[in-house]
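Quick notes on the structure that follows.
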2 protein chains.
Amino acid sequence: MAEYKIAIDVMGSDSGPELMVEGAVKALVANDDLSVVLFGDEERIEKKLAELECDRSRVEVVGASEVITNYDNPMEAIFRKTDSSLVKALAATGEREDIVGLINAGSTGALIAGSLRYVPAKVLKRPALAAILPAEKGGFICLVDTGANIDCNASQLVDFAHMGSDFMRDYYSIEHPRIGLLSNGAEETKGNKLVKETHALLKEDKELNFVGNIEGTNALTGDCDVLVADGFAGNQVLKNSEGIARRIITDIVKYAKMTANTEIMKLVKHLMEIYDFNSLGGAIILGAGKPVIKAHGAANADSIMNTSAMLLNIVKNRDLFYGKDNR
Amino acid sequence: MAEYKIAIDVMGSDSGPELMVEGAVKALVANDDLSVVLFGDEERIEKKLAELECDRSRVEVVGASEVITNYDNPMEAIFRKTDSSLVKALAATGEREDIVGLINAGSTGALIAGSLRYVPAKVLKRPALAAILPAEKGGFICLVDTGANIDCNASQLVDFAHMGSDFMRDYYSIEHPRIGLLSNGAEETKGNKLVKETHALLKEDKELNFVGNIEGTNALTGDCDVLVADGFAGNQVLKNSEGIARRIITDIVKYAKMTANTEIMKLVKHLMEIYDFNSLGGAIILGAGKPVIKAHGAANADSIMNTSAMLLNIVKNRDLFYGKDNR
């Protein structure tokens with residue numbers, strides 16, 4: 001039954017702990033093999049749990065007296081707010097064998113800093129924030145970095161390629177993930193100074209399956225499994241895609257209202273399933289020892305449910321491939 | 001009647017001179033007050049013109065024996081291929097008072113280098129490539145740079161802001177264009193090293209109406225009239241928007257076929273009018289003395305017609321505001 005336990009820090013999100021708890025309970029209803037450990041304000045969590053119908057044998061609550069917010073200095077908060085829900089959730093994820101991963105919708109900076117401190121990978125690298133996005137040709141693309149590392153050098157971008165490659169191999173069972181490098185043209189000669197330097201390094205790296213430069217038009221087409229970019233450029237791809245998709249869907253809704261065509265509203269639902277990045281799940285911290293996922297700060301109960309499903313799926317996928325004993 | 005004459009270099013595009021000529025003739029049919037000067041292979045142009053019904057009094061043909069292609073070194077080509085259609089079109093645009101602007105669908109590099117040489121602005125600045133994109137809230141956004149200057153410093157970005165501001169004031173009659181700076185967050189503290197440096201300079205610049213950082217999600221929302229970015233990041237915004245829009249429209253077409261709903265095909269037509277960047281017109285060279293527009297290399301007759309209409313509109317707009325004597 002409940003073979004997979006995930007840690008959820010219910011504090012620090014824009015929407016408040018109640019919605020996070022509701023999302024967790026929805027995830028339990030949707031997934032028989034899931035159980036959760038909720039970290040945060042015990043009283044508020046228990047009150048919300050009492051309101052909802054749920055199997056309490058699959059819910060563990062760990063009280064925490066402090067909250068790390070977006071106003072805190074991430075590094076300082078991780079070291080000073082030791083009774084915060086985030087630090088307790090991270091520490092438990094790092095220490096406890098029964099917890100397979102963690103979800104949080106609060107401070108990204110604190111989550112990254114804390115992952116490195118409490119859920120370290122075997123080989124320590126500067127962590128990166130990846131987004132797992134649906135490719136036009138099917139499957140998924142791991143876009144890394146999406147904003148954790150804004151000013152990068154070429155060797156960091158090579159690290160991102162390795163971390164992305166390992167992640168797509170481990171959690172998506174892609175044997176030799178194709179690595180693409182975001183540039184302003186597909187040709188080898190295109191790119192800014194950083195991209196040209198990185199291109200040369202990636203080409204020489206025999207451990208990677210480097211397929212060359214990818215331009216913006218084809219960023220999410222699916223010509224690579226891992227798309228490498230510095231955090232500034234990667235953030236543009238992620239947020240711009242989100243903005244344009246939201247805009248077109250809004251346009252279609254207006255058009256549907258104007259024409260009073262009900263078929264078009266069905267189309268909107270179909271498009272929302274593909275392009276609503278809020279419901280798609282969150283960003284993954286690469287460089288942590290277990291999957292740590294940052295959900296949107298404005299996440300709603302459904303998106304927390306979807307993020308939980310995403311975490312569950314990638315862990316199951318890994319177990320299928322490697323066996324549970326090799327987590 | 002034909003008060004506005006534009007120069008069109010019909011060579012160097014991927015689609016061949018015949019389609020360019022066809023586009024020019026379509027533009028003449030659509031706009032009574034337009035006349036054109038076509039530069040290129042005289043024989044092929046005349047043959048195509050003979051096939052099409054058009055008012056020859058509004059078409060001037062200037063023969064050119066050479067073509068500048070994408071394989072030429074732009075700077076070298078501008079100086080050596082002096083009998084090329086592009087150099088002749090640029091020289092005529094710079095010299096002749098009756099020509100209000102130029103369109104080309106060939107080598108972007110040569111067009112930029114040649115504009116600086118043959119159609120210089122009063123104050124010389126390193127030219128930039130701007131895209132004029134429809135804003136979500138209505139009106140247009142001038143995105144600059146979109147790929148002419150890949151590695152930039154902060155003072156260049158400030159130049160882009162000035163050129164974009166002047167352009168939107170002169171050709172779109174916006175008195176104090178709002179200048180936004182593309183960043184990875186709207187907060188002043190966000191950005192890579194280049195963005196932070198540029199932010200400080202823009203804030204101090206009393207000639208500019210700087211409204212702060214704009215993040216990717218809102219790049220094309222319409223919170224600014226000019227969006228400043230280095231050529232690498234700007235290229236991502238432009239091409240990524242194009243890629244996502246194309247992808248969603250393709251999805252809708254598939255959905256329409258699946259459901260056999262004819263209303264949805266009408267919706268596709270509506271979306272194509274807004275989001276088909278190929279038909280929207282081209283990129284504008286900022287820093288030239290007259291409007292010089294680069295149409296897509298894969299432009300078709302309709303997009304050349306639309307690019308001509310765009311050029312005509314911005315020149316007319318300027319004339320309305322400043323009077324024809326102040327061109």
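What number goes with the only condition from (1) assigned to a helix (DSSP H, G or I); (2) facing chain B (nearest Cβ under 8 Å); (3) in contact (Cβ under 8 Å) with a residue 12 or more places away in the chain that A:Met163 does not pass?
Result: A:Met163 fails condition (2) only.
Report, ordered by the first and then the second residue, all pairs with beta carbons closer than 6 Å, sequence separation of six or more or different chains, a first member in the stretch B:239-253 that is facing chain A (nearest Cβ under 7 Å) and under 13 Å from A:Lys137 (Cβ atoms), and a second member that is open to solvent by 10 Å² or more (accessible area, probe 1.4 Å) and not β-branched (Val, Ile, Thr).
Pairs that qualify, where the first residue is facing chain A (nearest Cβ under 7 Å) and under 13 Å from A:Lys137 (Cβ atoms) and the partner is open to solvent by 10 Å² or more (accessible area, probe 1.4 Å) and not β-branched (Val, Ile, Thr), are B:Arg247/A:Glu136.
Evaluate the following for A:Thr189: is it within 14 Å of another protein chain (Cβ to nearest Cβ), closer than 12 Å to A:Asn213 by Cα and free of Cβ contacts under 8 Å to residues at least 24 places away in the same chain? Break it down into steps so the answer makes sense when it comes.
On the way: within 14 Å of another protein chain (Cβ to nearest Cβ): yes; closer than 12 Å to A:Asn213 by Cα: yes; free of Cβ contacts under 8 Å to residues at least 24 places away in the same chain: yes.
Yes: the conditions hold for A:Thr189.
Among A:Gly138, A:Gly147, A:Gly106, A:Gly114, which is the only one that is of a type in the set (Gly, Ala, Ser), assigned to a loop (DSSP other than H, G, I, E, B) and assigned by TED's automatic domain parsing to the domain that holds A:Glu3?
A:Gly106
Under 9 Å between Cβ atoms, which residue pairs at least 6 apart in sequence (or on different chains) link something in the stretch A:121-139 that is at positive phi and more than 14 Å from chain B (Cβ to nearest Cβ) with a partner that is open to solvent by less than 60 Å² (accessible area, probe 1.4 Å) and assigned to a loop (DSSP other than H, G, I, E, B)?
Qualifying pairs under 9 Å: A:Gly139/A:Ile174; A:Gly139/A:Gly222; A:Gly139/A:Asp225.
Name every residue in the stretch A:254-279 that is more than 7 Å from chain B (Cβ to nearest Cβ), surrounded by 18 or more Cβ atoms within 10 Å (Cβ to Cβ) and over 22 Å from A:Leu220 (Cα atoms), in order of residue number.
Passing the criteria: only A:Ala256.
Yes or no: A:Leu312 assigned to a helix (DSSP H, G or I), at the interface with chain B (Cβ under 10 Å from one of its Cβ atoms) and either buried (at least 19 other Cβ atoms within 10 Å of the Cβ) or of a type outside the set (Lys, Arg) (or both)?
The answer is no for A:Leu312.
Filter the stretch B:34-58 down to residues that are more than 29 Å from B:Asp72 (Cα to Cα) and open to solvent by less than 30 Å² (accessible area, probe 1.4 Å), then give me how many there are.
2
Output the number of residues of the stretch B:168-180 satisfying the condition of being surrounded by fewer than 24 Cβ atoms within 10 Å (Cβ to Cβ) and outside any loop (DSSP other than H, G, I, E, B). Walk me through it before giving the result.
Taking the stretch B:168-180 first, the residues surrounded by fewer than 24 Cβ atoms within 10 Å (Cβ to Cβ) are B:169-178.
Within this subset, residues satisfying the condition of being outside any loop (DSSP other than H, G, I, E, B) are B:169-172, B:178.
Matching residues across the stretch B:168-180 total 5.
The values are calculated or read from the model by the stated rules, or taken from the named source; none is laboratory data. It should be emphasised that the depicted structure is a prediction, and the values quoted were computed from it without experimental measurement. Don't worry about glycine lacking a Cβ; one is built from the backbone with ideal geometry, like all the others, and counts go over all protein chains shown. Just the protein is used for accessible areas: all its heavy atoms, side chains included, with ligands, DNA and RNA removed. Shrake-Rupley method; radii C 1.70, N 1.55, O 1.52, S 1.80 Å.
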